[in-house]
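Take a look at the structure below.
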Amino acid sequence: MRFATTLVMCTALLTVNHAAGQSKASADPLTGTWTGSMGPDDTQQQTSLKVEMKYDGKTITGVVTGPRYPGDIRTGSFDGATGALKFEVVVRNESKSIVQFEGKVEKGAASGTVSFDDGQKGVFKMTKDAAGKQTGRRTPEQIQASEAHKGDFDYLLGDWEFTAESKE
C-alpha cells in the first residue's frame, strides 16, 4: 500500500511539473519571429525588419535583420504586467552602432520608438508570427487549382532536340 501511495504522489508531482512547464512556455509573449518595419515616422519610407527574439523570463536575446547591416540584441527588459519592452541592438557594422528600441507589446504586436547612437530617432512596428506557422504551404484551393491545370503544359515534356546552324 505504501508503494502505491508513493507511486501516485510521484506521478502527480511529475504531471503538475510538466503542466507548469508547458504553461510557462505558452505564456511567453516574446520568443519567436517578429516582422515589421522601422523608419523616421509612420508617413515616410520604412525599412523592413525581422527580429528573432528569445526571452527566458529575465533576458532578451536575438538577432535583427532587414536593415542594411544585421544586429544582435545585447540587453533588454520586458515587463509582462505593462507590456513595456526595451532592448538594445549592436549593429554589425564597422562602428558597432547602438540602436535602442523602446515600446509596448500588446496582443502579439509591438510598437514604439527607435533611437540611434548618432541622435536620429524613429518609430518601429512589428507583429509576432504565429507559432508553428507553416510557410510555403498551399491552401486547399491552390492545390485544387493546380490539379485542374496539371496537364496544361504537358506538351513541354518529352524529348527535345536542338540544332544550330552557323551563319558565318
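List every residue pair whose Cβ atoms sit under 8 Å apart, with the two residues 6 or more apart in sequence or on different chains, where the first one lies in the stretch 104-122 and is surrounded by 15 or more Cβ atoms within 10 Å (Cβ to Cβ) and the second, anywhere, is outside any strand (DSSP E or B).
These pairs meet every condition: Val105/Pro29; Val105/Leu30; Val105/Gly83; Gly122/Pro40; Gly122/Asp41.
Restricting to the stretch 36-51, name every residue that is modelled with pLDDT of 95 or more and out of contact with any Phe, Trp or Tyr (no Cβ under 8 Å at 6 or more places or on another chain).
none
The values are calculated or read from the model by the stated rules, or taken from the named source; none is laboratory data. What you see is a predicted model, and the numbers here were worked out from it, not measured in a lab. Heads up, the Cβs are rebuilt from the backbone with ideal geometry, glycines too, and the neighbour counts pull from every protein chain shown.
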